[in-house]
Amino acid sequence: MKHLISFFIRYVPRKYLQLFSHWVLKVLAIFYKGNKVTCPVCDHSFRKFLPYGRKARSNALCPNCLSLERHRLMWLFLKRETNFFDKQLEVLHIAPEICFINTFEAIHKEGYITADIESPLAKVKLDVHKMPFEQDQFHVVFCNHVLEHVEDDRKAMLEIYRVLKPGGFAILQIPLFYPLRDTTYENPAITSAKERERAFGQSDHVRMYGRDYSDRLKAAGFKVDENRYIEKMPVGEVKKYALPFDEPVFYCVK
């Protein structure tokens, strides 16, 4: 299963995976029935989660809603540490994850806007470097595992800051490759897929973030809480939800 999933992730275009993979995985879910792990996003339990990733991680992907470890952590953080689920807000969700869309839209109605440069799941097609929104428009912005792909991440951070209301928050997750570099590594001369995968961890990445990621966000104007929420949780709960032990939540306030 690990090899099969790795193959599809590596060679099937992302937009097709987004359109069709959840139907296939719902069939697989039948064979993973159990009660050893639970997805807090969809509240389904399994004997284990599916493997996922180009170098497949065990116990990662919920076969029912397609949440990954980072999505389950973000869900719990939003539920327990913010007002996101308590009232209707203006929300911009860049590169929307399928596991969140229906629930977020049910809560925030027409105020919930999904956006992406190519995703078939998004309502609005946009370039994150220059977004077609008013200044101070949104209470919340999500932009996860996007900034490592864009040409100018600093410009994208400034745009996210611009469209966020004063007092609003953004969650801006990135892939973390341990051991972390002290500083983010970029090299525009690296253009081939093989070289980018070797240098940045994935063929469609254009940088590998280091310990200075929070400083880059602060330079855009954000007050950044590199929140180690998982350290507050009981170990049994971390295992039950199969959460990432080494991922902080980058909680950014305007």
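The values are calculated or read from the model by the stated rules, or taken from the named source; none is laboratory data. The shown structure was predicted, so the numbers you read here are calculated from the model rather than taken from an experiment. Using ideal geometry, Cβ is built from the backbone for each residue, glycine included, and neighbour counts are taken over all protein chains shown. Accessible surface areas use protein heavy atoms only, side chains included; no ligands, DNA or RNA. Shrake-Rupley method; radii C 1.70, N 1.55, O 1.52, S 1.80 Å.
Count of the range 50-61 residues, restricted to those that are open to solvent by less than 20 Å² (accessible area, probe 1.4 Å) and touching a Ser or Thr at 6+ places or on another chain (Cβ under 8 Å), is 3. Among residues of the range 196-206 being of a type in the set (A, V, I, L, M, F, W, C) and part of a helix (DSSP H, G or I), the one that is farthest from the chain's Cα centre (by Cα) is 199.
Taking the criterion of being under 13 Å from residue 217 (Cβ atoms) and open to solvent by less than 10 Å² (accessible area, probe 1.4 Å), the residues of the range 151-166 that qualify are 153, 156, 157, 160, 164. Please go through (1) surrounded by 14 or more Cβ atoms within 10 Å (Cβ to Cβ); (2) closer than 21 Å to residue 247 by Cβ for residue 64 and return the number of the only condition it doesn't satisfy. Failed condition: (2). If the condition is being part of a loop (DSSP other than H, G, I, E, B) and among the hydroxyl-bearing types (Ser, Thr, Tyr), then the range 207-254 contributes only 209.
If you go through the range 127-150 and pick out every residue that is buried (at least 18 other Cβ atoms within 10 Å of the Cβ) and in contact with a Gly (Cβ under 9 Å, 6 or more places away or on another chain), you end up with 5.
Candidates are the residues of the range 174-221 that are within 24 Å of residue 138 (Cβ to Cβ) and in contact with a strand residue (DSSP E or B) (Cβ under 6 Å, 6 or more places away or on another chain); the one that is surrounded by the most Cβ atoms within 10 Å (Cβ to Cβ) is 217. Identification of strands (runs of 3 or more DSSP E) wholly contained in the range 37-137 with 1 or more residues that are at pLDDT 95 or above, over 24 Å from residue 175 (Cβ atoms) and of a type in the set (Val, Ile, Thr) yields 112-116. Within this structure, residue 110 passes the test of being free of Cβ contacts under 8 Å to residues at least 24 places away in the same chain and surrounded by fewer than 18 Cβ atoms within 10 Å (Cβ to Cβ). Taken together, 95, 122, 170 contain a single residue that is in contact with a helix residue (DSSP H, G or I) (Cβ under 7 Å, 6 or more places away or on another chain), of a type outside the set (Val, Ile, Thr) and open to solvent by less than 50 Å² (accessible area, probe 1.4 Å), which is 170.
Listed by first and then second residue, the pairs linking a residue in the range 113-137 that is touching a residue at least 40 places away in the same chain (Cβ under 8 Å) and over 22 Å from residue 88 (Cα atoms) to a residue that is charged (D, E, K, R) and assigned to a strand (DSSP E or B), with Cβ atoms under 8 Å apart and 6 or more places separating them unless they lie on different chains, are 118/125. Close contacts from the range 220-242, counting a first residue that is touching a residue at least 12 places away in the same chain (Cβ under 8 Å) and on the phi > 0 side of the Ramachandran plot and a second that is open to solvent by 90 Å² or more (accessible area, probe 1.4 Å) and not in a loop (DSSP other than H, G, I, E, B), with Cβ to Cβ under 9 Å and a gap of 6+ residues or different chains, come to 221/158. Per the conditions (1) out of contact with any Phe, Trp or Tyr (no Cβ under 9 Å at 6 or more places or on another chain); (2) exposed (fewer than 15 other Cβ atoms within 10 Å of the Cβ), the sole criterion not satisfied by residue 79 is (1). Taken as a whole, the condition of being under 18 Å from the mean Cα position of the chain (by Cα) and more than 25 Å from residue 225 (Cβ to Cβ) applies to residue 61. For the range 82-92, how many residues are touching a Phe, Trp or Tyr at 6+ places or on another chain (Cβ under 7 Å) and open to solvent by less than 10 Å² (accessible area, probe 1.4 Å)? Count: 2.
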